[in-house]
1. Going by how many other Cβ atoms sit within 10 Å of their own, how do 191, 77 line up, fewest first?
2. Going through segment 168-199, which chymotrypsin sites (Phe, Trp or Tyr not before Pro) have at most 11 other Cβ atoms within 10 Å and a DSSP loop state?
3. Using a 10 Å cut-off around each Cβ, can you sort 260, 250, 133 from fewest to most neighbouring Cβ atoms?
4. Give the calculated FRET efficiency between residue 199 and residue 173 to the nearest 0.05, with a Förster radius of 30 Å applied to their Cβ-Cβ distance.
5. Report, in order of residue number, the helices in the chain meeting two criteria: a C-alpha extent of 27 Å or more along the helix axis, and a mean Kyte-Doolittle hydropathy of at least 1.6; treat each whole DSSP H run as one helix.
6. Compute the Cα gyration tensor for segment 1-93, then decide on rounded, prolate or oblate, letting a ≥ b ≥ c be the square roots of its eigenvalues: rounded whenever a/c is under 1.5, prolate when a/b is larger than b/c in the other cases, and oblate in all that remain.
7. With just the Cα atoms defining each centre, how far is segment 13-75 from segment 171-205? Give it in Å.
8. How far apart, in nm, are the 7 Å Cα→Cβ label points at residue 131 and residue 227?
Amino acid sequence: MKKAVQFIILTCLLSWIAAGTAISLGIRETKTFSYVIFGACYMLMPMICAVILQLIHKEKPFRNLNISFRFNRWFIIAGIVPVIAAFMALGISLFFPGVSFSSSFEGVLQQVPDDQKEQAMEQLLKFPPVIFLLISVLQALAAGYTINAVFAFGEELGWRGYLLKALKGRKLLHISFITGIVWGLWHFPLILIGHNYPQHPIHGVGMMVILCILLAPVMTYIVIKSKSVITAAIYHGTINAIAGISVLYLVGGNDLTNGLTGFAGFIALIIITLAFYLFDKFITKENIFTRITGDN
């Protein structure tokens, strides 16, 4: 537990100092190029802190952190599950009052400046809605397995590499709860300047913590099953790429209700976690969710 506490303190402290510095220098708009660069660098902080602690403890950097490219079916599952979750969240969003489906991209056009709406509409209508949706999913998967996974690896080597190892000897749900809280709070400077919850940045901090807690069990389970933190990077990268799909097809509601990052997404993630739990308990009968974890 000592190493876990050291990692949590070091990662949050250095990350928040970096975020505070960036914000003080004027990075306050999440849709700017400078924010994209900063956000990508911010995602590397957990990995950097994990390596720093390995050096402090005289361990070889990057060793024993489940970095394995040995392919197995969980590498595929890690990309598919986020897509399923995104579409479940899209469907669940429609049950909230005032939220409706639109294939004419009204939701995304509402966020485009008036002088750019005509150009945006031309781009969106280049393909029939079904083809556009298919292209969007394929692009999300491509990003999830490539560039997004590279930067997500920076986080995942910390959360489900170093921290998972440091918390061994506890049950998966306990580890996931601790990791989820830290992971969510780690985001708080970004949330306050509009990341994920631009309409509700204050409430968004709590929402992000809940989101990360709900994401953690399945991601941790997949890492344990695949014996590779790379699968978590794929899952994380695909989530980042596909999460915005609801913006394209929903009208009404807000960032607290709609999509993967809203209450609709929370319901979807709970259902998916329950499905994995039942699979683990009754199909594989490994009881990974409830047994004490070892040195994964």
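Readers should treat all values here as calculations from the given coordinates under stated rules, not as data from a laboratory. Treat the numbers as computed from the prediction; the structure is a model and nothing was measured. Every residue, glycine among them, receives a Cβ derived from its backbone with ideal geometry; neighbour counts consider all protein chains shown.
1. Numbers: 191 24, 77 18.
Fewest to most other Cβ atoms nearby, the residues stand as 77, 191.
2. Working: sites: 177, 183, 186; in loops: none.
Answer in residue order: no site qualifies.
3. Numbers: 260 28, 250 25, 133 16.
Least to most surrounded, the residues fall as 133, 250, 260.
4. Numbers: r = 31 Å, r/R0 = 1.05.
With R0 = 30 Å, the Cβ-Cβ based efficiency is 0.45.
5. Working: long enough: 2-24 (33 Å, 1.33); 73-93 (30 Å, 1.94); 201-226 (36 Å, 1.80).
Correct list, ordered by number: 73-93, 201-226.
6. Values: a/c = 2.23, a/b = 1.08, b/c = 2.06.
Oblate is the answer for segment 1-93, as a/c is 1.5 or above yet b/c matches or exceeds a/b.
7. Distance between centres, Cα-based: 16 Å.
8. If labels sit at residue 131 and residue 227, their model points lie 4.5 nm apart.
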